[in-house]
Amino acid sequence: MGGLTEKPFNSILTADFGSVNTRVALIGLANGRYRLLARAQSPTTAEPPFGDVGDGLRHALALLQRMTGRVFVNEGGYLIKPERDDGAGVDQFVATASGGRPMRAVLMGLVPEISVESGRRACNATYMSIEDTVHLGDPRTEVEQIESILRVRPDVLLIVGGTDAGSEKAVMRLVNLAEMALSLTEVGKRPRVLFAGNAELHEPVKAILATLEGVELYLAENVRPSLADETLEPAQARLGSLYDDYITGSPGGFAEVSQWSQVGVLPTAQSVSQILSFLEATQPVPPGGAQLPVLGVDIGSATTMVAAAWQKRRYVSVRSDLGLGHSAVTALDAIDLAALAGWLAFEAEAEDLHDYVWNKWLRPATIPQSQTDWEIEMAFAREIIRAALAGALPGWRRLPRQGDFLPDSSAIVLAGAIFEQPPHPGYAALLALDALQPVGRTRLLRDPYGLLAGMGAFSYVGALTDLAPLAVAQVLNSGGLPALGTVLAPVGRPRSKQTAMQVTLYSMRPDEAAASNGRGRRRRKDKEEERRSLSVKVRAGGIAVIPLAPGARARVVVKPHRRWDIGAGPGKEMSFVAEGSVLGLVCDARGRPLELPDKMEDRARLYPRWVDQITGKERVQPVEAAQAGIEAMAEEAEEAEEMEEVVEAEEAVEADESFDLDEFEF
């Protein structure tokens, strides 16, 4: 970054076009800091009878105008930009999209397990559907391969294969095959071509494909420069820009919206993964410890994304066949109905589950109308996330992890309507715990206002203004991405009446928390602090929620059973400083891997109890609580809220030298 010297912009408008809803958010300066000022949503109008996303966008802006009194569009229906002296319009506008038909692609590569698999993971970063794959092991003749490409009528041809300075003849055979297929395609309907193979072949590839009329050829760094290395980001970025070209050239009105934005219409998944990278880069590293990945889940009506960011690399997987509405029917092909029924506390016939899924496909905007519908939708969401995660994990081999469990993480970000609008925040946490089954210690962050995509897209404006990183940091740290809870999930197998772990909290004032080191050990210990201690024994097989309100801090000591491992080894103690959150500490002692009961009567007894435990209906019983107890924790939180505002980005810089906006480049 070149230094924050330019004039601040006063307002940012973000728009995210989903398959069901179009969300808009107004970000503005308040007391010198960027914050969320207002948000609104309206049904997406990309499909008939409207056929223009601009209609839904303008309706959402009309709702936003009603809330704020600010005029956003002129008499001609166009966005007012930049902001005028009378307060009308906005200075910046960014747009993201996940709705609509995904790009159809044909993937061409050499070895299915190497270059083809890398090409597939590159495609997974955006909204693409791989309709056919051509490779050296393909049993079809060249004529049959060409006929298949012509029949698919892809939007994109992706050619990969060959390490740098490696195989040339086999790769050029694929290029010649692509040339024949393109030559037989009508001019004006020829797909775009992206070559991300052997870098030594860029010039020969251009000589063959760039000369064809109506063919747009793009080059990117090799997705597999060597057998041991995989470089996906350049190809993923190029596919993201192709998505903008594709969506603006398709019916639906995106062309006009793209002109309003300096960076076009970006894929929602690409924008969300950008925020994950930002969060990972700005996480404080504990002394003597290592930086952990930040994970993310975004489940929508038509697509589901799981992603990870670690060591300046992004691992993104988008499944266009998995969703709770538009893709509900295709999701049935990827999940097991018996596994779905295993999450239900009542008997459900396969026909009933099919009926529910087909109704969601027909009416994706509907919400559950009964407790039964809600439980089915939650079970469906669990299995969709599990299916998406199973497809992504093979590409996450470099991430630190314990055995076959979810990779270790400092935070897991949850996005999507089912996480935004549950009857109680505990339902969102339970869905994440059941579907992802994290181990050790991590924080759950929730995107209740749908800001991640917009802020991720705005971060790409960082190439145009030095203020973008600061604005993103301030919005997210001023309540834009609230913490749902800190999860403690030890690995172990629950036994009847066994204590899985004992969790002890020592409340801390803000200055005491700052004086603690990364392991949460205090430099001094006084009697007043000890009187505020709270200790809870967490029984195996259940969940315990220990309240720690937003604004409060506590030193937490976790002592697991000798057969349980919280991350330091079986039976070994862990100590850390915890930040307050909506739920507080969520102690999941149900065991890893999570084993569900086979008998219906056991599920009917156990599942409602898990819900009561995580929503606070079944309260924890302290085994030792001195004069203050839980009430003192609440009082401490109130005092903390009065003493300080929500932590801002620059305050985090002062408290921790590892938080440095200059180190993160958008």
Given the conditions (1) modelled with pLDDT of 95 or more; (2) out of contact with any strand residue (DSSP E or B) (no Cβ under 6 Å at 6 or more places or on another chain); (3) among the aliphatic types (A, V, I, L, M), every one holds for Leu158 apart from (2)
Flagged in region 588-607 as surrounded by 13 or more Cβ atoms within 10 Å (Cβ to Cβ) and assigned to a helix (DSSP H, G or I), in numbering order, are Met600, Arg603, Ala604, Leu606, Tyr607
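Can we say Pro49 is modelled with pLDDT under 90, open to solvent by 10 Å² or more (accessible area, probe 1.4 Å) and not hydroxyl-bearing (Ser, Thr, Tyr)? Before you say what the answer is, go through the steps one by one.
Working: modelled with pLDDT under 90: yes; open to solvent by 10 Å² or more (accessible area, probe 1.4 Å): yes; not hydroxyl-bearing (Ser, Thr, Tyr): yes.
Answer is yes for this residue.
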Restricted to region 451-472 and to residues being at pLDDT below 90 and under 13 Å from Leu36 (Cα atoms), the residue farthest from the chain's Cα centre (by Cα) is Ala471
Of the conditions (1) modelled with pLDDT under 90; (2) more than 20 Å from Gly616 (Cβ to Cβ); (3) not in a loop (DSSP other than H, G, I, E, B), the single one that Gly518 does not satisfy is (3)
Condition set of a type in the set (Ser, Thr, Tyr) and modelled with pLDDT of 85 or more, scope region 242-259, selection farthest from Ser167 (Cα to Cα): answer is Ser258
Turns out the helices (runs of 4 or more DSSP H) fully within region 411-498 with at least 2 residues that are within 22 Å of Val306 (Cβ to Cβ) and open to solvent by 10 Å² or more (accessible area, probe 1.4 Å) are 417-420, 425-436
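Table: residues versus (1) buried (at least 18 other Cβ atoms within 10 Å of the Cβ); (2) outside any helix (DSSP H, G or I).
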| position | (1), (2) |
| --- | --- |
| Val187 | no, yes |
| Leu194 | yes, yes |
| Ala228 | no, yes |
| Pro234 | no, no |
| Ala237 | no, no |
| Tyr246 | yes, no |
| Ala255 | no, no |
| Gln259 | no, no |
| Gln270 | yes, no |
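Just to check your reading of the model, which residue among Arg70, Arg84, Arg39 is assigned to a loop (DSSP other than H, G, I, E, B), open to solvent by 40 Å² or more (accessible area, probe 1.4 Å) and in contact (Cβ under 8 Å) with a residue 24 or more places away in the chain?
On the way: Arg84 fails: in contact (Cβ under 8 Å) with a residue 24 or more places away in the chain; Arg39 fails: assigned to a loop (DSSP other than H, G, I, E, B).
Selected residue: Arg70, the only one of Arg70, Arg84, Arg39 that is assigned to a loop (DSSP other than H, G, I, E, B), open to solvent by 40 Å² or more (accessible area, probe 1.4 Å) and in contact (Cβ under 8 Å) with a residue 24 or more places away in the chain.
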Within region 87-96, identify whether any single residue is open to solvent by less than 50 Å² (accessible area, probe 1.4 Å), hydroxyl-bearing (Ser, Thr, Tyr), part of a helix (DSSP H, G or I) and modelled with pLDDT under 95, and answer yes or no. no
Check: Quick one: is Thr303 among the polar types (S, T, N, Q), open to solvent by less than 10 Å² (accessible area, probe 1.4 Å) and in contact with a Ser or Thr (Cβ under 6 Å, 6 or more places away or on another chain)?
Finding: no
- Message: One residue is enough: does region 327-336 have a residue meeting the conditions in a strand (DSSP E or B), open to solvent by 20 Å² or more (accessible area, probe 1.4 Å) and in contact with a strand residue (DSSP E or B) (Cβ under 9 Å, 6 or more places away or on another chain)?
- Response: no
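The values are calculated or read from the model by the stated rules, or taken from the named source; none is laboratory data. Only a predicted model underlies this, so the values are computations on that prediction, with no experimental measurement involved. Reconstructed Cβ throughout: ideal geometry from the backbone, glycine too, with neighbour counts over all protein chains shown. Ligands, DNA and RNA are stripped out before the accessible areas are found, and what is left, the full protein with its side chains, is counted by its heavy atoms. Shrake-Rupley method; radii C 1.70, N 1.55, O 1.52, S 1.80 Å.
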